[in-house]
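What follows is a short report on a single structure.
Each reported figure results from applying straightforward, stated rules to the coordinates on display, with no laboratory input. In this text, all values refer to a predicted model and were calculated from it rather than measured experimentally. Backbone-built Cβ (ideal geometry, glycine too); neighbour counts: all protein chains shown.
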Amino acid sequence: MPASSQKNISRTRAPGEDSQSEEHSRQLGRILFAAFAGLLFLLILGGLNALLSVRKLSGIEQEVNRRFVTHSQALSAIVISVHVYDDQMEQSLLRGQKTADSAKPFDPVTRSAEIHAALLSYPSDEEPDEQLLVQELLQVLTQQENAFAATSSWGPEDRDKRTHLFIGEQLIPQRMRFLQVSQEISLLNRKKLGEEKTALDVNFVNVQTRIQWMVILTLTAGILLSLVTGLYILRLERQGRLRYQALLRGREELEGLSARLLEVQEEERHSISRELHDEVGQTLGALLVDVGQLSKLVPPGDRAIHGQIDSIKSVAERAVKSIRDMALLLRPPMLDDLGLVPALEWQAREVSRRSETEVEIVSENVSEKLSDEIKVCIYRLVQEALNNASTHAAAKNVKVSVIQAAGEISVEVSDDGRGFEPERQRGMGILGMEERVKRLGGTLALQSTPGKGATVKAELPLPSAKSL
């Protein structure tokens, strides 16, 4: 093997280095998965937190608005009731216990009870200051009731004299005081609403700030994770490219080694065939000549010695024949001397002679100027196919077709043997045929079904300068 091939083959990675690289890749993959999971969890957590915070603020705002509206409606109802009560009280004093509608008398007890009920129904969640103002409203209302009750003891003359004085000194001031206290309660409600609105704005700003930081943190983590992931993908791509290039180099080296092995094998076969034919064959031939000379020197009457000489001669002749057959199988001289077709026909006769398989050779337009590589490839392919058909498939008939066309030569070997499954049964012989055909840029196809024979077909391209 050439030194360069040995150098390339020895340039392989250690198993420990591959295992460490794979373990590092798995660890980095787990880290990236954990980072993605953490980022997703952060997004979900931030989204849920923001959603809950917004819902909570919305609920608080609705509650604040509801409280303000409830208090305002209750206070408005009280003010209206007191205003109606005062108007009816004033009209009653001026018109002699009659309202503007003379058909409906003024009932101070009922009106007072309604106002008391409105004050008692005022929401109970008020502040202490508001509670004091509500109590003051009750006091003002009580004073009005007592003052109006005192007018029931007036006579007709006193009523005419004291009515205007009562309205100006007691009724109107008490009414103004009631309105003043009501306005103070309304201001307290508005102040409370403003404070709660301010607190909501602060909470909303806090939530907005928290969401902004969450978005910034998430975007930063996402950008960092994207950068790390991109670098990791680039690293994996680089490792994959390097491994693919190493795989291509290894494949090219293996193909070159396989081609070189085939060349060396063919050279060795040719050398051994020549040595067997020239050296061993000639030596055995000389031995046969010497045995013949020896038989002439032995007296005719000495049968024992003649028997031994005949035995030696017979063994030597069988050895010569075996050596000749071996030399022809290794590298038939007729492949170089006579061409491809005669060598194939001789091979077919030898297979038919050694086995019960009948072989037919069919050739069309096969040139006598084929390159040595193509002739050796076709010869070895047919040799392996015939050996498989006669030895393993027990075929009775085999047909070999060699057809040369423009730019290519095709070889097809079909038999009627037991067949096999090409996808599962692929021995060294089939691999050798594929390697030889592939080395010359051709294609090899195997078609077989168990019990229905097999067909091996190869197509080899011919260089335009060498094809005829």
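The mean of 1/r over all distinct Cα pairs in the stretch 18-226, once inverted, gives the Kirkwood hydrodynamic radius of 22.7 Å.
Among the listed pairs 313/375; 313/369; 321/452; 375/396, those with a Cα-Cα distance over 31 Å are 313/375; 313/369; 321/452.
Taking the average, over residues, of other Cβ atoms within 10 Å as the packing measure, peptides 245-254, 400-409 rank 400-409, 245-254 from highest down.
Length available on full extension from residue 84 to residue 297: 0.36 nm per residue minus the Cα-Cα distance, which gives 59.5 nm. Peptide packing for 196-205, 130-139 was compared via the average number of neighbouring C-beta atoms within 10 Å per residue; ordered from the highest value, the list is 130-139, 196-205. With r defined as the distance between the Cβ atoms of residue 63 and residue 37 and R0 fixed at 35 Å, what FRET efficiency is calculated, to the nearest 0.05? E(calc), rounded to 0.05, equals 0.35. The number of Lys pairs in the stretch 18-226 with C-alpha atoms less than 25 Å apart, excluding pairs fewer than 8 positions apart on the same chain, is 4. Here the stretch 337-461 is assigned +1 on the Cβ of each Lys and Arg and -1 on the Cβ of each Asp and Glu. Its dipole about the Cα centre then comes out at about 320 debye.
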